[in-house]
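A.B. asks: Take this structure, written in structure tokens, and hold onto it; I'll ask about it next.
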Amino acid sequence: MADRTRQLFFIVHQFLREKGVVNALHSLEAELSLFFDMEYARSLFVSGNLADCMFYVKGFLSPGDEIGNKILFEIVKHKYLCLLSKKDQHAALITLKSELEPLIVGLPVVLELSSLLLLDNVTSHHKLRNWKDTKEARGLIFNQKIYPLLRSHPTISQIIEKPDLAPNRLLTLMNHAVNWQLRGVKLNSLNEIDAYFKAGILYDDKAAATKIQDTTNEPDNGQEKEKEKEKEKEKEKEKEKEKEKE
């Protein structure tokens with residue numbers, strides 16, 4: 001059953017991506033935890049969408065997740081440093097107390113981060129001289145700190161690959177399903193197939209059976225014409241017989 005769910009997930013996943021429904025796509029990833037999109041997580045961090053990046057990653061973590069806490073710590077720490085670089089000490093303090101401290105193990109780290117609140121310029125700290133809040137800098141941070149942690153996470157490391165699917169796989173399977181339901185039914189055009197789709201043939205087997213039965217009971221115009229021709233021939237033969245008698 002798990003294999004069926006996984007395959008169905010990737011088929012729906014492909015359909016959503018082909019339709020450009022990106023938000024639903026990534027929500028599905030996080031809710032089912034069947035695929036972690038590393039490039040998406042990276043793009044969020046590098047573009048500075050730290051809240052969205054953290055929300056996405058959290059969807060794959062469990063309470064008390066040690067490696068997961070380290071990942072979140074790196075994301076929130078960057079948020080904290082960004083606020084300090086903008087000289088928003090108030091917001092930085094709130095972030096430190098409410099978001100960073102619950103992720104920190106060890107008093108020395110708390111004290112070191114707290115001391116940054118007293119600096120006029122965060123880059124004056126000897127460990128942060130080269131710190132920058134640019135796309136290039138965030139890319140390096142992700143590659144050097146966050147990416148290795150994601151790769152080492154026991155759950156995420158198992159779901160960062162996805163299978164290769166033929167294009168439009170969901171629509172192909174739908175067509176296969178309809179062809180199977182309509183086996184034995186004579187179809188003369190694509191319009192007739194579309195009529196079955198409009199009737200909701202994929203929603204319910206009972207509805208499909210009813211539609212097929214209705215179609216089967218409909219008179220075939222071609223057959224009716226053949227019958228009429230046969231009757232005309234019979235009449236002609238009877239007339240000839242009557243003439244011969246006379």
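The values are calculated or read from the model by the stated rules, or taken from the named source; none is laboratory data. Just so we're clear, the structure is a prediction, and the values are computed from it rather than from any experiment. A quick note on method: Cβ atoms are made from the backbone with ideal geometry, for glycine too, and the neighbour counts reach across all protein chains shown. Accessible surface is based on the protein model in full, side chains and every heavy atom, while ligands, DNA and RNA are left aside. Shrake-Rupley method; radii C 1.70, N 1.55, O 1.52, S 1.80 Å.
A.B. asks: Looking at the range 29-39 only, could you name the residues that are assigned to a helix (DSSP H, G or I) and in contact with a Leu (Cβ under 9 Å, 6 or more places away or on another chain)?
C.D. replies: Result: 38, single match.
A.B. asks: Which one is least open to solvent (accessible area, probe 1.4 Å), of the residues in the range 57-80 that are farther than 20 Å from residue 140 by Cβ and in a helix (DSSP H, G or I)?
C.D. replies: 68
A.B. asks: Identify, please: which residue in the range 84-94 is assigned to a helix (DSSP H, G or I) and open to solvent by 30 Å² or more (accessible area, probe 1.4 Å) and is, among those, nearest to residue 26 (Cα to Cα)? Walk me through how you get there before you give the answer.
C.D. replies: Taking the range 84-94 first, the residues assigned to a helix (DSSP H, G or I) are 84-85, 89-94.
Cutting the leftovers down to open to solvent by 30 Å² or more (accessible area, probe 1.4 Å) gives us 85, 89-90, 93-94.
Numbers: 85: 31, 89: 33, 90: 33, 93: 31, 94: 29 Å.
Step by step, filter the range 84-94, then rank; the result is 94.
A.B. asks: On to the next question. For the range 112-121, state whether one or more residues are surrounded by 13 or more Cβ atoms within 10 Å (Cβ to Cβ), closer than 22 Å to residue 147 by Cα and modelled with pLDDT under 95.
C.D. replies: Within the range 112-121, not a single residue is surrounded by 13 or more Cβ atoms within 10 Å (Cβ to Cβ), closer than 22 Å to residue 147 by Cα and modelled with pLDDT under 95.
A.B. asks: Find the residue count for the range 124-141, including only residues that are assigned to a helix (DSSP H, G or I), open to solvent by 40 Å² or more (accessible area, probe 1.4 Å) and free of Cβ contacts under 8 Å to residues at least 40 places away in the same chain.
C.D. replies: Filtering the range 124-141 down to residues assigned to a helix (DSSP H, G or I) leaves 124, 135-141.
Okay, now just the ones that are also open to solvent by 40 Å² or more (accessible area, probe 1.4 Å), so 124, 135-136, 140.
Still in the running and free of Cβ contacts under 8 Å to residues at least 40 places away in the same chain: 124, 136, 140.
Final tally of qualifying residues: 3.
A.B. asks: May I ask you to list pairs of residues, at least six apart or on different chains, whose Cβ atoms are under 7 Å apart, with the first in the range 155-182 being of a type in the set (Gly, Ala, Ser) and the second being open to solvent by 50 Å² or more (accessible area, probe 1.4 Å) and part of a helix (DSSP H, G or I)?
C.D. replies: Listed by first residue and then by second, the contacts come to 157/151.
A.B. asks: Another question about this same structure. Here are 48, 64: which of them is among the small types (Gly, Ala, Ser) and closer than 14 Å to residue 153 by Cα?
C.D. replies: 64
A.B. asks: In the range 23-46, how many are open to solvent by 60 Å² or more (accessible area, probe 1.4 Å) and within 17 Å of residue 163 (Cα to Cα)?
C.D. replies: Of the residues in the range 23-46, 2 are open to solvent by 60 Å² or more (accessible area, probe 1.4 Å) and within 17 Å of residue 163 (Cα to Cα).
A.B. asks: Then there's this: On the basis of being buried (at least 18 other Cβ atoms within 10 Å of the Cβ), free of Cβ contacts under 8 Å to residues at least 40 places away in the same chain and in a helix (DSSP H, G or I), does residue 97 make the cut?
C.D. replies: Working: buried (at least 18 other Cβ atoms within 10 Å of the Cβ): no; free of Cβ contacts under 8 Å to residues at least 40 places away in the same chain: yes; in a helix (DSSP H, G or I): yes.
It is false that residue 97 is buried (at least 18 other Cβ atoms within 10 Å of the Cβ), free of Cβ contacts under 8 Å to residues at least 40 places away in the same chain and in a helix (DSSP H, G or I).
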